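Just below is one structure, and these are the notes that go with it.
The values are calculated or read from the model by the stated rules, or taken from the named source; none is laboratory data. This one's a predicted model, so the numbers in the text were calculated from it and none came from an experiment. Here Cβ is always computed from backbone atoms with ideal geometry, including for glycine, and neighbour counts include all displayed protein chains. For accessibility, only protein heavy atoms count, side chains too; no ligands or nucleic acids. Shrake-Rupley method; radii C 1.70, N 1.55, O 1.52, S 1.80 Å.
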Amino acid sequence: MVELGRYCLLACLILCGYGFFASIWGALKGSRAFVRSGENAVLANFGLCFAASWCLVQLLLTDQFQVEYVFGYSSLNQPDIYKFTAFWGGQSGSLLFWALILAFFSAVAVWQNRRRNRDLMPYTTAVLLGTSFFFALLLVYASSPFELLPRAPADGQGLNPLLQNWYMTIHPPMLYLGYICLTVPFAFAMGALISGRLDTTWIPVTRRWGLVAWCFLTFGITLGGMWAYEELGWGGYWAWDPVENASFMPWLVATAFLHSIMITEKKGMLKMWNFSLILLAFLLSIFGTFITRSGVISSVHSFALSNLGPFFVVFLAVITFVGLFWMFYRSAELRSELKMQSFLSREASFLLNNWLFVSICFAVFWGTVFPILSEWATGEKITVSAPFFNQVTAPLWLALLALTGICPLIAWRKATWKNFRRNFVYPVVGGLLTGGTALAVGVRDWWAMLFFSAAGFVLLTVFFEFYKGTRARQAIRPTNAITALIDLTAMNKKRYGGFVIHLGAVAVFVGITASSLFGVEKFFSVQPGGQFSLAGYTLQFDQLLQRDDPEKTVILAPVEVYKGDSLIGKLSPEKHLHHKSNQPQTEVAIRSTITEDLYVVLSDFDQTGAVTFHLYVRPMVMVIWIGVAIMVLGGLFNLIPDRKRATAVVARTREEVRDEEAA
């Protein structure tokens, strides 16, 4: 297995290098044979990556501790599910997983376009293979998962206890899928730039792949927040940790790209923005991988210091140079077909939307890299903590939330007072009423008032868009409101799928605002049989319990939860003492409802049975998770192809095939 895995990776390296040059040579010489050969290299590369990955998984599942990677991330008593997830739990394994998913997405993209976009495909294939070559190079020469130890140990060290959580079986793959999926739209964008095909040919496929990446990133980032919320025991879901930021920055830029490309499709504007944003999104996905795996930052998510840094720096420099060169070379062709006529227009609002997303991304980027830069410059690492990110980004988020309601309603080209009065009076009144209601129920924080008012405004804009569209549909085809609404959304999935995403975003903003500004917490030291209370909850502690599992000792502190005189549930926070790492791990207990979470942490205990609990009450955390689910569902709905568009694509494909055969 070890030798087979090594040879598969070496073959990947050679094959990607060959396919890269074959694709470029085929494009330059007009040789369809070389172009097809390059595409076949993409398909073969996936097969080889799959074989190498299968070898590593088998080594993990069969406890082959003579392999350094297996020894470092698995053990005899480790459950099989975590032996499997150890595949991406360490540095070299996660790089192999990255190479596997990239090879799979590349193969899908090549197969989908085997009869379409033929002018773009040679260069697109070359970019995909060039990226795969980089990761194969890392796996062969810098961080191989198939290195052997001098002698085989009897047992391994095991996976980090913090990673032995069911969220970690799906959170990293979702993030990797999002990261890696950004490679495909980047490759198509570069294919369009290099080939000079800068019409709308490349936009539909790039938008769809970008939306797929956005859905994966949205889901993956949220799963990471849920893991932090349930596993780290600090009562929060987002700490502006450098690795959290590394996944968030590509999401911000990808979101800006998906807004920008709509203007290009409809008006032929913001072409340079599109190429700039997709280049930046891809660079940030590689940058996130760099800071996680190079060891230049300290994080609970990051890996130890390694020798990968120079490889990533060179790769980032090459991609930046190539991307900027071709954008500069084609700059004359990337000029907008139409000029922006007024700042008070939908085009201008989308441009402002992009600037806000990029500004937030820059603030996050600066706060993330500043400790690295300060250490390089002065030898002293200056930490940038959560208050910096919150203070800098809060006004930008507020403006972005307001624009979420403004962009779809404002007129194209130039808005008039009549347009404003017709579209914005009711939503503005709704926003003011929302703020007034918050004030009436006791909210006194100005940031909360502003965010709740903006959320009410956006909610009303979305409602009226669905309402007006449904009424217009009923006027054209008399039917009931539900049927008209279904027909309306089915006819324009991009528009109304976007509105669904906006609804989810409103829920996320409301949940974050409420849970961040109105949560309470307190420590309690309790003897067996004691009670403690917070925010209307009373908890009754009986006594500590202990359970011995094969890989750990579990200390439990069960409590009964009362609200008033009524028993509403039982919770059991835990401490896990892992035998292998001798590392204590907190397992929190959460009673979650849509209005608030009761969050109980077993902080400490002593030999007498006395316990220290850390109790939190966090309002509306569940609303965040529901909002993200709505956003992802809206994105998936957006991906459903329109029947007319699908028919047009088939017809165009057949025409291209006939032209190719005739040539």
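At least 3 residues being out of contact with any His (no Cβ under 8 Å at 6 or more places or on another chain) and at pLDDT 95 or above is the threshold, and among the helices (runs of 4 or more DSSP H) wholly inside the stretch 1-118 those reaching it are 2-29, 32-61, 91-112.
What do you reckon, is residue 229 modelled with pLDDT of 90 or more, closer than 21 Å to residue 92 by Cβ and buried (at least 22 other Cβ atoms within 10 Å of the Cβ)? It would help to see each step written out before you state the result.
Details: modelled with pLDDT of 90 or more: yes; closer than 21 Å to residue 92 by Cβ: no; buried (at least 22 other Cβ atoms within 10 Å of the Cβ): yes.
So residue 229 fails the test.
With respect to (1) within 14 Å of the chain's Cα centre (by Cα); (2) more than 30 Å from residue 66 (Cβ to Cβ); (3) of a type outside the set (Gly, Ala, Ser), the lone exception for residue 172 is condition (2). Against the list (1) under 29 Å from the mean Cα position of the chain (by Cα); (2) touching a residue at least 12 places away in the same chain (Cβ under 8 Å); (3) open to solvent by less than 70 Å² (accessible area, probe 1.4 Å), the condition residue 80 fails is (3). You will find that of 334, 280, 344, 270, the residue that is modelled with pLDDT of 95 or more and closer than 30 Å to residue 407 by Cα is 280 and no other. Somewhere in the stretch 342-364, is a residue basic (Lys, Arg), open to solvent by 20 Å² or more (accessible area, probe 1.4 Å) and either under 23 Å from the mean Cα position of the chain (by Cα) or over 21 Å from residue 423 (Cα atoms) (or both)? No, there is no match, as no residue in the stretch 342-364 is basic (Lys, Arg), open to solvent by 20 Å² or more (accessible area, probe 1.4 Å) and either under 23 Å from the mean Cα position of the chain (by Cα) or over 21 Å from residue 423 (Cα atoms) (or both).
Scan the stretch 143-171 for residues that are under 26 Å from residue 307 (Cβ atoms) and open to solvent by less than 20 Å² (accessible area, probe 1.4 Å) and the total you get is 6. Restricted to the stretch 409-435, and to residues there that are farther than 18 Å from residue 499 by Cβ and of a type in the set (Ser, Thr, Tyr), the residue that is modelled with the lowest pLDDT is 416.
Residues that are under 15 Å from residue 129 (Cα atoms) and polar (S, T, N, Q) within the stretch 1-56 comprise 23, 37, 40, 45, listed in sequence order. Quick check: is even one residue across the stretch 406-413 open to solvent by 10 Å² or more (accessible area, probe 1.4 Å), more than 22 Å from residue 458 (Cβ to Cβ) and not in a helix (DSSP H, G or I)? There is at least one residue in the stretch 406-413 that is open to solvent by 10 Å² or more (accessible area, probe 1.4 Å), more than 22 Å from residue 458 (Cβ to Cβ) and not in a helix (DSSP H, G or I).
State the number of residues belonging to the stretch 501-550 that are among the basic types (Lys, Arg) and free of Cβ contacts under 8 Å to residues at least 40 places away in the same chain. Spell out how you get there, then give the answer.
We begin by selecting, within the stretch 501-550, every residue among the basic types (Lys, Arg); these are 522, 547.
Checking which are free of Cβ contacts under 8 Å to residues at least 40 places away in the same chain leaves us with 547.
Residues in the stretch 501-550 being among the basic types (Lys, Arg) and free of Cβ contacts under 8 Å to residues at least 40 places away in the same chain: 1 in total.
Each row is one residue, and each column tells you yes or no for (1) over 26 Å from residue 159 (Cα atoms); (2) more than 31 Å from the chain's Cα centre (by Cα); (3) crowded, with 17+ Cβ neighbours inside 10 Å.
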| residue | (1), (2), (3) |
| --- | --- |
| 537 | yes, yes, yes |
| 546 | no, yes, no |
| 579 | no, yes, no |
| 596 | yes, no, yes |
| 613 | yes, yes, yes |
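Residues are listed down the side, and each one gets a yes or a no for (1) open to solvent by less than 20 Å² (accessible area, probe 1.4 Å); (2) in contact with a strand residue (DSSP E or B) (Cβ under 7 Å, 6 or more places away or on another chain); (3) of a type in the set (A, V, I, L, M, F, W, C):
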| position | (1), (2), (3) |
| --- | --- |
| 116 | no, no, no |
| 122 | yes, no, no |
| 128 | yes, no, yes |
| 131 | yes, no, no |
| 134 | yes, no, yes |
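Tell me, which residue of the stretch 232-271 that is of a type in the set (Asp, Glu) and part of a helix (DSSP H, G or I) is most open to solvent (accessible area, probe 1.4 Å)? Here the answer is 265. Scanning the stretch 424-464 for residues that are of a type outside the set (Phe, Trp, Tyr) and either outside any helix (DSSP H, G or I) or open to solvent by less than 20 Å² (accessible area, probe 1.4 Å) (or both) yields a total of 17.
Which members of the stretch 498-527 meet the condition of being in contact with a Leu (Cβ under 8 Å, 6 or more places away or on another chain) and either in a loop (DSSP other than H, G, I, E, B) or open to solvent by less than 50 Å² (accessible area, probe 1.4 Å) (or both)?
Applying the first criterion (in contact with a Leu (Cβ under 8 Å, 6 or more places away or on another chain)) to the stretch 498-527 yields 500, 503-506, 509, 520-524.
Answer for the stretch 498-527, where residues must be in contact with a Leu (Cβ under 8 Å, 6 or more places away or on another chain) and either in a loop (DSSP other than H, G, I, E, B) or open to solvent by less than 50 Å² (accessible area, probe 1.4 Å) (or both): 500, 504, 505, 506, 509, 524.
Taking the listed residues 429, 458, 425, the one that is without any contact (Cβ under 8 Å) to a residue 60 or more places away in the chain and closer than 21 Å to residue 623 by Cβ is 458, with no other qualifying.
Among the residues of the stretch 380-394, the one identified as of a type outside the set (A, V, I, L, M, F, W, C) and either in contact with a strand residue (DSSP E or B) (Cβ under 6 Å, 6 or more places away or on another chain) or open to solvent by less than 60 Å² (accessible area, probe 1.4 Å) (or both) is 393.
Does residue 653 meet the test of being modelled with pLDDT under 95, within 30 Å of residue 204 (Cβ to Cβ) and loosely packed, with under 13 Cβ neighbours inside 10 Å?
Working: modelled with pLDDT under 95: yes; within 30 Å of residue 204 (Cβ to Cβ): yes; loosely packed, with under 13 Cβ neighbours inside 10 Å: no.
Here the answer is no, as residue 653 does not meet what is asked.
Residues of the stretch 581-594 being open to solvent by 30 Å² or more (accessible area, probe 1.4 Å) and at pLDDT 85 or above, which ones? Quick ask: steps written out before the conclusion?
Initial filter on the stretch 581-594 (open to solvent by 30 Å² or more (accessible area, probe 1.4 Å)): 581-584, 587, 590-594.
Within the stretch 581-594, 587, 590, 591, 592, 593, 594 qualify.
Listed by first and then second residue, the pairs linking a residue in the stretch 476-496 that is under 13 Å from residue 639 (Cα atoms) to a residue that is of a type outside the set (D, E, K, R) and in a loop (DSSP other than H, G, I, E, B), with Cβ atoms under 7 Å apart and 6 or more places separating them unless they lie on different chains, are 493/640. Within the stretch 14-34, being touching a residue at least 40 places away in the same chain (Cβ under 8 Å) and either of a type in the set (Asp, Glu) or buried (at least 22 other Cβ atoms within 10 Å of the Cβ) (or both) holds for 16, 19, 23, 26, 27. Only one of (1) outside any helix (DSSP H, G or I); (2) within 30 Å of residue 521 (Cβ to Cβ); (3) not charged (D, E, K, R) is not met by residue 229, so which one is it? Every listed condition holds for residue 229 apart from (1). Pull out all pairs, ordered by first then second residue, where Cβ-Cβ is under 6 Å, the residues are six or more apart or on different chains, the first lies in the stretch 240-259 and is under 12 Å from residue 288 (Cβ atoms), and the second is assigned to a helix (DSSP H, G or I) and of a type in the set (Ser, Thr, Tyr). What qualifies is 242/368; 243/292; 245/368; 250/285.
Select from the stretch 193-221 the residues that are β-branched (Val, Ile, Thr) and open to solvent by 20 Å² or more (accessible area, probe 1.4 Å) and list them in ascending order.
Answer for the stretch 193-221, where residues must be β-branched (Val, Ile, Thr) and open to solvent by 20 Å² or more (accessible area, probe 1.4 Å): 194, 200, 201, 205, 212, 221.
Would you mind stating whether residue 189 is open to solvent by 20 Å² or more (accessible area, probe 1.4 Å) and among the hydrophobic types (A, V, I, L, M, F, W, C)? So residue 189 does not fit the description; no.
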